[in-house]
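Each reported figure results from applying straightforward, stated rules to the coordinates on display, with no laboratory input. Since the model is a prediction, treat every value here as computed from it, not as a measurement. Every residue, glycine as well, gets a Cβ built from its backbone with ideal geometry; the counts of neighbours run over all protein chains shown.
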Amino acid sequence: MKLKRIYIENYKTYKNLDLNLEVTDDRPIILIGGANGCGKTTLFDAIYHALYGLKIPNKRAFEEVFNSGVKNERGMDGKNIVLEVSFSGVVLGQETPYKLRRSYQFTDGRVLESVVLNMNGNSFVYGTGSTAVQRSTNEAIVNKIISANLPAELSNYFLFDAMKTSDLVKEEQINKLIMKNINSVMGFNKYTQLQTAAASFLAEKKAERLENENLRAEYTNLTKSKVERERELTQLNEAYSEALNYANDRKQQYEQLKEGRNSDEVIRDKMRQIEEAIRNYYKKEKDYRQDAEALSKDLELKVIMPKLASIVRTEVELILNEKDEVASARSNILNDEQIRRVTRNIIDLIEDRYRVEGKIDVDTIVGEIKRVQDDSDDYNDKYGFLNEVDTQVLKNLVQQGYSNPFTTLDERRVSINQELEDMPKREKQLEEYTRALTGSDYSIIELYEANDRKIEELKGKIAAKKNEIKELEKKISTYDYDMPQVPDPQYDMLCKLPDFFKTLSKKLLNAKKASIERMMKEQLNINLVIYAGYIGRVELSADDSEEISFKIFHKNGNEIYLSQLNAGAKQTVMQVLLKVLYELGDYDPPVMIDTVMGVLDKESRDVIINKYFPDLAHQTILLSTDTEITTENDFKKIMAYVARTYTLHRNQEEQCTTISEDYFGLQTYDF
């Protein structure tokens, strides 16, 4: 497979890009330069997504990948994100040209997709508007063509970010990675598939040969259970690999975040204290203003009335005392009925005990008593014009406690003014603390640690599932004794097939393993600077499991532990593995490397430039800054192998990337 051209429209930082990627046999390298943030990784992503498609679930996701400059100038209505890649691949010994175009448009609240693959003038089209049958048929053809050239599951090993490769060199991960590459890149998967198919077919035939119906049913159920457990084991292994990849991708970030979170928490605590003080100040100020406003509205009640009460208090109290005495005296006054009743009782008593001539006039006596009561000063209320309500108001006026609200309010004003003087200092501190924060999302820490727990949980489940399968295999093997011992050459041959494919795969693996070990040793002695010329052997030791253990040994016999290599050495190990797998594998894809020299020292860079890149692949696309492949020295060393040079330029005003056909101003013909 060779990439010929990439066309990009409205994708992230690219408004429009049409880039020729053709190389020649003697000049297999495309060198693309650009400062950080200019769009190197975006170009890398565009090629990947042109091959395998974009996932754009909603408008928000569409806006995130649509060019901001175009969106601001003309909007997104009616405009497409277009990713088009032209490439060639060998089909039946002949090189065949392909052009794959993927376009995406947001219309009527949904993302519309359109895919067109042109192969020798034949077009295969599908998209959002296709019928289910048309989409299923043409999508399967497109995916088959892409997989034949570079399967998506292998793309990460040939299109990769060199900075991240060192994260893969961890004993648990690299063993799985090597085995996966050997099986997939080198085509051993097909033998595993044949072994599985033969075992399944054999199980069916064994079931047919069991004469007892109950035994047949039991055997069939056991084999079905075994297949189901194997399927579950595959899913667990996939989840386990995914969890390991997640851990590797985020380990460095996790460690940095965990370090930063502790210092950030101290800063955040100080920020919380300052923010609380600021909030309290504004609350005090708000309360003060509300109380001052309320005082101004109730000035008569809270200021004038208390002053008036203090002035007239003596006079009012005299009136109230007078009213109280009159009230007290009047409490003893009898009403007409009471006077008449008492008078009558007294007259009856006198007449009963004493001789009285003539009748005593009750009314005259009652009238005289009433006159005496009315004429008495004790009962005369000179403030009779004041009713009970008026009297109560006067009592409230002189009896209610009053305090001067201005004193407290003024104290609050002084306190608030003092805090106001400190506000600029507090706000400045808050700004300084904000700048000191990393701005990181610490939820990654919780996610990473949850993923670690998931890894341990999956290990246990995988071990348990393998034990279940072994137990089922033991039970299934007991049914061999119940098979009729009737000669059947075809059945006998079928019984041998699963072990045959397993043995064949193992023999081929051992043969290939020897080639990998030899080539890895040669390449590490050339490219791994810190041990150049001192690698005694590379060992891939396979056992009956699904993994291979990868070890490097010094000439003196001791093992060189991968965990003790620095990041640059780990990157070199992975790049050497890539080269070996590339040369020994069944696929012939282009190799595209982003951040080519990120963690390598000067000596390692010289070796990689002079001895690694020139013969890495039939087409190698390098994305680099001028501090990785420098214009002063490195470009001169590699220029003889470079077919095309490009430099990416970021236009901040228009929010897009443009391109020039040079490497930071240099051309190959300049030297």
Listing T137, T13 from the residue with the fewest other Cβ atoms within 10 Å to the one with the most, what is the order? T137, T13
Under 12 Å, Cβ to Cβ, from S86 - net charge with Lys/Arg +1 and Asp/Glu -1: +2
To the nearest 0.05, the calculated FRET efficiency linking N72 and E432 through their beta-carbon distance, R0 being 30 Å, is 0.35
Descending packing, highest mean Cβ count within 10 Å first, for 520-529, 571-580, 651-660 is 571-580, 520-529, 651-660
Can you sort T647, T478, T503 by how many other beta carbons sit within 10 Å, fewest first? T478, T503, T647
Entries of K12/K459; K99/K512; K12/K99 with Cα pairs more than 32 Å apart: K12/K459; K99/K512
Where a Cα-Cα gap under 16 Å defines reach, which lysines qualify for K636, not counting those fewer than 8 residues away within the same chain? K602, K611
Just to verify a number: FRET efficiency for K359 and N335, C-beta to C-beta distance, R0 = 35 Å, to 0.05? 0.90
Which pairs, out of K323/K395; K40/K71; K206/K226; K513/K551; K55/K79, put more than 19 Å between their alpha-carbon atoms? K40/K71
Could you sort 268-275, 37-44, 406-413 so that the peptide with the highest average Cβ count within 10 Å comes first and the rest follow in order? 37-44, 268-275, 406-413
Students often check this: by mean Cβ neighbours within 10 Å, which of 416-428, 600-612 ranks highest, and how do the rest follow? 600-612, 416-428
Which order do V312, V85 fall in if you start with the one that has the fewest other Cβ atoms within 10 Å? V312, V85
Within the range 269-293, what residues put their amide N at less than 11 Å from the label point 7 Å along the Cα-to-Cβ vector of K425? none
Rounded to a whole number, what is D in µm²/s for the range 564-649 from Stokes-Einstein with the Kirkwood radius over alpha-carbon pairs (20 °C, 1.002 mPa s)? 156 µm²/s
The simple spin-label model distance between E446 and K602, using points 7 Å out along Cα→Cβ, in nm, is 4.8 nm
Taking the simple approach of a point 7 Å from Cα along Cα-to-Cβ for both K555 and Q273, what is their distance in nm? 6.3 nm
Efficiency of FRET between F500 and E471 - r from beta-carbon atoms, R0 25 angstrom, step 0.05: 0.50
